[in-house]
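A short worksheet on the structure shown next.
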Amino acid sequence: MRDQWGMSNVLKVSLLTAIYSLHDKGWSRRRIARELGLNRETVGRYLRLAKPAISTAGFEEPCQAKPAISTTGTIAGRKSQCEPLSEAILAKVEVGLSAQRIYQDLVEENGFADSYESVKRFVRKLRATHPERVWRLECQPGEELQLDFGLGAPIDEGQGKTRRSWILRLVLSYSRKGYIARTPIPSCAAWKTGCAVLVGRRCY
């Protein structure tokens with residue numbers, strides 16, 4: 001089946017809406033094609049067409065506004081097509097996917113036929129009512145510590161000679177008590193000494 005421009009695969013209105021919306025935001029044809037999983041030449045052909053060409057009525061009056069594509073809101077009382085897929089959308093939001101990626105997945109996996117803007121509004125509402133999770137990491141006394149080596153100030157050895165020094169810092173995860181020492185090189189011996197000092201002080 002070919003459309004009125006001779007293209008064998010006629011894109012859904014929702015995909016066309018996404019193409020025009022992303023193009024208006026300054027996205028390149030290559031980037032749009034990659035994000036929506038389309039051929040770059042297909043994206044280019046549709047972008048060369050005037051946006052008012054998308055019509056479900058077949059024709060419109062010359063002086064009449066063209067309301068076929070609307071991204072500013074939904075009709076009063078209309079239920080969002082995202083509602084039946086709310087659990088799937090929420091799962092994607094919780095793993096950090098963008099609204100654009102979620103929209104693309106819904107089209108490919110669920111045959112979603114609504115617009116990208118409807119998904120973006122639904123995702124925004126979900127993020128407002130489901131704040132990002134904060135994972136608390138806990139450990140037992142003496143089970144874990146953080147080790148850092150950093151470059152310290154040069155050591156003056158006299159006669160205009162200096163030597164590089166390193167700063168060792170150990171911080172216990174449970175008690176947050178720490179140990180700091182200067183060492184000539186970052187070595188295993190240095191942090192073992194630090195651990196021995198912390199154990200000797202009964203710091204866990």
Open item on the list: Can you list residue pairs whose Cβ atoms sit under 8 Å apart, with the first residue in region 78-103 being over 15 Å from Thr129 (Cα atoms) and the second being outside any helix (DSSP H, G or I) and of a type in the set (D, E, K, R)? Count only pairs 6 or more apart in sequence or on different chains.
Closed with: Ser80/Asp114; Gln81/Asp114; Cys82/Asp114
TODO: Mind listing whichever residues of region 91-107 are outside any loop (DSSP other than H, G, I, E, B), aliphatic (A, V, I, L, M) and under 10 Å from the mean Cα position of the chain (by Cα)?
DONE: Val93, Ala99
- [ ] Select the strands (runs of 3 or more DSSP E) contained entirely in region 108-204, then report the ones holding at least 1 residues which are of a type in the set (Asp, Glu) and in contact with a strand residue (DSSP E or B) (Cβ under 9 Å, 6 or more places away or on another chain).
- [x] 145-151, 155-158
Open item on the list: Only one of Val123, Val95 is farther than 16 Å from Glu35 by Cα and crowded, with 20+ Cβ neighbours inside 10 Å. Can you tell me which?
Closed with: Val123
Task: Counted residues, region 193-204 - those being closer than 25 Å to Leu151 by Cα and within 40 Å of the chain's Cα centre (by Cα) - done: 2
Open item on the list: Can you go through Ala190, Ala153 and tell me which one is small (Gly, Ala, Ser) and either surrounded by 14 or more Cβ atoms within 10 Å (Cβ to Cβ) or assigned by TED's automatic domain parsing to the domain that holds Ile89 (or both)?
Closed with: Ala190
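The values are calculated or read from the model by the stated rules, or taken from the named source; none is laboratory data. These numbers were taken from a predicted model, which means no experiment stands behind them. Don't worry about glycine lacking a Cβ; one is built from the backbone with ideal geometry, like all the others, and counts go over all protein chains shown.
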